[in-house]
Amino acid sequence: MIFDEIEGFAGVVPPGRGLLGLDLGTKTIGVALSDRLLSVASPLETIKRKKFGGDAARLLEIAEAREAGGIILGLPRNMDGSEGPRCQSTRAFARNLEKLTDLPIGFWDERLSTVAAERALLEADATRKRRAEVIDNVAASYILQGALDRLRHMRAET
């Protein structure tokens, strides 16, 4: 199941299971993981992209090992909110992944997540080499944290 809106996604995530957050790039996939209370996102790893089958197998292996209850995929909208080729590619990835898993897949607007991750790494005085190694999974954690914050806000409203 793929959800464009976080509200629909929230309704199907099983309680007590964390979420995977993904920052899908052309060369890498940044992976982050939340705790089971859905409050904190942490960078996990960066997958070097090869072919969809191998990439998907690794993601589902992580999801199973970490007992994830769902996947949040960063949606790279343009700054004006429109969707370009990168959004189309991300949506195609989600459709292909959906065929391989029962986990719900939700989208989260990832505008400026990489900028925020880069800024945090600069403030932490990470070397250029270290920033290059971790930027994707740190960006994935920013994407996932945004979704977690919205989910927490939704729970508080009810």
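See the values below:
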read-out	value
Karplus-derived 3J(HN,Hα), 6.51/-1.76/1.60, for each residue of the range 39-48, Hz, glycine and proline x	10, 10, 9, 10, x, 10, 6, 10, 9, 6
Distance between modelled label sites at Leu37 and Lys99, nm, 7 Å Cα→Cβ extension	4.0
Contact order relative to length of the range 1-85, as percent, for alpha carbon pairs under 8 angstrom and 6 or more apart	29
Packing-based ranking, highest mean first, of 18-26, 136-144 given that Cβ atoms within 10 Å are counted	136-144, 18-26
FRET efficiency, Arg86 to Glu61 (Cβ-Cβ, R0 22 Å, nearest 0.05)	0.30
Interchain or long-range residues, amide H under 5 Å from Trp108's placed H	Leu73, Gly74, Leu75
Cut-off under 5 Å, modelled amide H: who pairs with Arg49 long-range	Thr28, Ile29
Ordering of 31-42, 57-68 by packing [mean C-beta count within 10 Å, highest first]	31-42, 57-68
Cα→Cβ-extended label distance, 7 Å offset, between Asp149 and Lys50, nm	3.7
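All of the numbers you see were taken from the coordinates with simple rules; none came from a lab. Just so it is clear, the model here is predicted, and its values are computed rather than measured. Reconstructed Cβ throughout: ideal geometry from the backbone, glycine too, with neighbour counts over all protein chains shown.
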